[in-house]
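I'd like to ask you about the structure that follows.
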């Protein structure tokens, strides 16, 4: 009886030990086997093929000796560490203009030239998780309960507006349209931006800086991200935040995108001169609460009696 | 495979099988050694980070065209100066070897190339220490041109031979 117990215990010990060993092996393997290593290996091989040994032996030699390593851009200005370039290693390399992701060159090289990766990093424009080194972890798609996601194509201009407050100067059509919509629909009747406007709804001055974790995400149909929250909220405010006094406005998808881009560009960050775009000397940010005269309503008949009395 | 053998031996009840005992002992010790060794290895790897919170040590400084012959251009925020002469170009560290202040390039002086504002160390045009408390010469960093034509300086590698990049 006792012997049998001891025998069993011995077997249990051995099995447990082996299981622990296997787990340790798996941990070690998963730790070493990272997806970015394959991308970098792929890049190295493709680049060696493109350059050729004969054309430029010195460069070829250096590329052949390249070893997979974590690459990152540290930007002290906005405290980011962007490791996107670990996978998107050829983002500035014109040879990879037609390659598949993640090796594809940036689609707008002239834009990248004005905003070098080494100075700006990636997430200041594109959002997402700069520290992550996997496709999933860097939040290319919205992650449940992790609302800092990559900025979608339609809302990219919202990030231009972080620094460029003169929308005309950078030809940001969506931001211009969004600001015009903000004025036309008299959003400032309820919402304040930089001290202009009413106080019925929340102040939107620093909307882009607002912590996304404070947004009610449970009623969203799409992915849980701040960007999607804004879009769905414009479509149907009552559904996204029940009990809100904001009503829905009839807008096309393009108009919603423009207005969302505009409100998502409203930040109150201060940048040092190195990162502040040059402004025209006479640039004054347009007022968002401009009163638009409505011709039909100026006649006396249209004015309700109550208003007349108030004037007295 | 050997685990199967062990399981097979269990069909003999009662008897003390010395061979089996030895085998079990060996397996246990081997498992322990492998496990502890593996844990130690993984812990060691954990202590040696893949990457640090610091700007990349190798960085692009620009195209060749932005460094005309005879120019000395300080790269802001990186503490290096790119010097291009007729024979080639090199990257010299601007961090004083004394206490780490940024030395200032001295213009139009054939003898003194760099002067430290903190304690007055002076360096020759090639970075050799001339005077003051600095104990060592200013190091040169490895530098190369990548396939896109950009000049890259790698501050993690010191160019001890002081070879110039011929372009």
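Report, by residue number, each residue of the stretch A:78-93 that is surrounded by fewer than 18 Cβ atoms within 10 Å (Cβ to Cβ), in a loop (DSSP other than H, G, I, E, B) and within 11 Å of another protein chain (Cβ to nearest Cβ).
Hit for the stretch A:78-93 is A:79, nothing else.
Also, I was wondering about something else. Which of (1) without any contact (Cβ under 8 Å) to a residue 24 or more places away in the chain; (2) closer than 25 Å to residue A:222 by Cβ; (3) under 22 Å from the mean Cα position of the chain (by Cα) is the odd one out, the single condition residue A:171 does not satisfy?
(2)
Another question, if that's okay. Quick check, is residue B:8 out of contact with any helix residue (DSSP H, G or I) (no Cβ under 8 Å at 6 or more places or on another chain), modelled with pLDDT under 90 and in the same structural domain as residue B:122 (by TED's automatic domain parsing)?
So residue B:8 fails the test.
Among the residues of the stretch A:1-14, write down those that are more than 9 Å from chain B (Cβ to nearest Cβ) and modelled with pLDDT under 90.
Of everything in the stretch A:1-14, those that are more than 9 Å from chain B (Cβ to nearest Cβ) and modelled with pLDDT under 90 turn out to be A:1, A:2.
Next question. For residue A:70, all conditions in the list (1) within 11 Å of chain B (Cβ to nearest Cβ); (2) crowded, with 20+ Cβ neighbours inside 10 Å; (3) assigned to a loop (DSSP other than H, G, I, E, B) hold save one; what is the number of the exception?
(2)
For the stretch A:127-146, give me each residue that is under 12 Å from residue A:85 (Cβ atoms) and out of contact with any strand residue (DSSP E or B) (no Cβ under 6 Å at 6 or more places or on another chain).
A:133, A:138
Report, by residue number, each residue of the stretch A:121-146 that is more than 14 Å from the chain's Cα centre (by Cα) and farther than 19 Å from residue A:34 by Cα.
Passing the criteria: A:144, A:145.
Would you confirm whether or not the stretch A:96-106 contains a residue that is outside any loop (DSSP other than H, G, I, E, B) and within 14 Å of chain B (Cβ to nearest Cβ)?
Yes; the residues of the stretch A:96-106 include at least one that is outside any loop (DSSP other than H, G, I, E, B) and within 14 Å of chain B (Cβ to nearest Cβ).
Select from the stretch A:15-60 the residues that are assigned to a helix (DSSP H, G or I), over 38 Å from the mean Cα position of the chain (by Cα) and exposed (fewer than 14 other Cβ atoms within 10 Å of the Cβ) and list them in ascending order.
A:15, A:16, A:19, A:22, A:57, A:58
Looking at the stretch B:129-160 only, could you name the residues that are away from every other protein chain (no Cβ under 14 Å), in a loop (DSSP other than H, G, I, E, B) and surrounded by 14 or more Cβ atoms within 10 Å (Cβ to Cβ)? Walk me through how you get there before you give the answer.
At the first step, the residues of the stretch B:129-160 found to be away from every other protein chain (no Cβ under 14 Å) are B:129-141, B:158-160.
Restricting the remaining residues to those that are in a loop (DSSP other than H, G, I, E, B) gives B:132-139, B:159-160.
Once the filter is applied, which keeps residues that are away from every other protein chain (no Cβ under 14 Å), in a loop (DSSP other than H, G, I, E, B) and surrounded by 14 or more Cβ atoms within 10 Å (Cβ to Cβ), the stretch B:129-160 yields B:132, B:133, B:134, B:137, B:138, B:139, B:159.
Restricting to the stretch B:11-53, name every residue that is more than 10 Å from chain A (Cβ to nearest Cβ), modelled with pLDDT under 85 and within 24 Å of residue A:30 (Cβ to Cβ).
Matches in the stretch B:11-53: none.
The values are calculated or read from the model by the stated rules, or taken from the named source; none is laboratory data. This is a predicted model, so every value here is computed, not measured. Positions of Cβ are generated from backbone atoms using ideal geometry, with glycine treated the same way; all protein chains shown enter the neighbour counts.
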